[in-house]
1. So what's the net charge close to Ser152: Lys and Arg +1, Asp and Glu -1, counting the other residues with Cβ under 14 Å from its Cβ?
2. Quick check: pseudo-label points 7 Å beyond the Cα along Cα→Cβ at Val158 and Lys89, how many nm apart are they?
3. Using only the Cα atoms of the chain, build the gyration tensor, take square roots of its eigenvalues as a ≥ b ≥ c, and label the shape rounded, prolate or oblate: rounded if a/c is under 1.5, else prolate if a/b is larger than b/c, else oblate.
4. Counting only DSSP beta bridges with both residues in the chain, tell me the antiparallel percent, nearest 5.
5. Which FRET efficiency, nearest 0.05, do Glu49 and Leu17 yield, Cβ-Cβ r, R0 22 Å?
6. In nm, to one decimal, how far is the Glu128 label point from the Ala42 one, both placed 7 Å along Cα→Cβ?
7. In terms of the Cα gyration tensor, with a ≥ b ≥ c the square roots of its eigenvalues, is the stretch 73-162 rounded because a/c is under 1.5, prolate because a/b exceeds b/c, or oblate?
8. Please give the contour-minus-distance gain from Leu106 to Gln29: 0.36 nm per residue of separation, less the Cα-Cα distance, rounded to one decimal in nm.
Amino acid sequence: MNYHNITKDDMLNGDGLRVVLWVAGCTHQCAGCQNPITWDLAGGLPFDEAAENELFEEMKRPHVSGVTFSGGDPLHPFNRSEVFRLMEKSKKLFPDKTVWVYTGFLWEDLKDIPEMKYADVLVDGEFEKDKNHNNLHWVGSSNQRVIDVQKSLKENTVCLHE
């Protein structure tokens, strides 16, 4: 898996101050995407041991609320195994911190993947430029949903994050 950046103390991609891993690779290629540089699976840098150490060192900081996986698309099939491994490790090392995932895929297509249990919040759906509004919170377009994964799995329905 390749990545483009690790953002620290991010306030735009989930609750609180977060660490964001910007993963390379996206086949959705939404018109008006804010990160087209991340579409190429071979773009960016290899996610190596040093990058992983940087990610988890940042998560140790007491004011950090959790980690967010964005991109590109962290749930592109090429990225899934590594992202799921990092999600699981995040929950084991920091059980009180949250894991957010941004993806162009829909919850309905992901909910039966066992590793989704390591996510707390999933922001799903492709960005739609004509549904972009300045007053949206945590999403780029109004068709995207901010889903409470744990509650959705428990209740077997889509439960939105509050």
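The numbers here are math on the coordinates, done by the rules we state, and not lab data. Note that the coordinates shown come from a computational prediction; the quantities given were computed from them, not determined experimentally. Every residue, glycine among them, receives a Cβ derived from its backbone with ideal geometry; neighbour counts consider all protein chains shown.
1. The answer is -3.
2. It is 3.2 nm.
3. rounded
4. Of the beta bridges lying entirely in the chain, close to 45 percent run antiparallel.
5. After rounding to 0.05, the efficiency reads 0.35.
6. Placing both labels 7 Å along Cα→Cβ, they lie 3.4 nm apart.
7. prolate
8. Computed gain between Leu106 and Gln29 is 26.2 nm.
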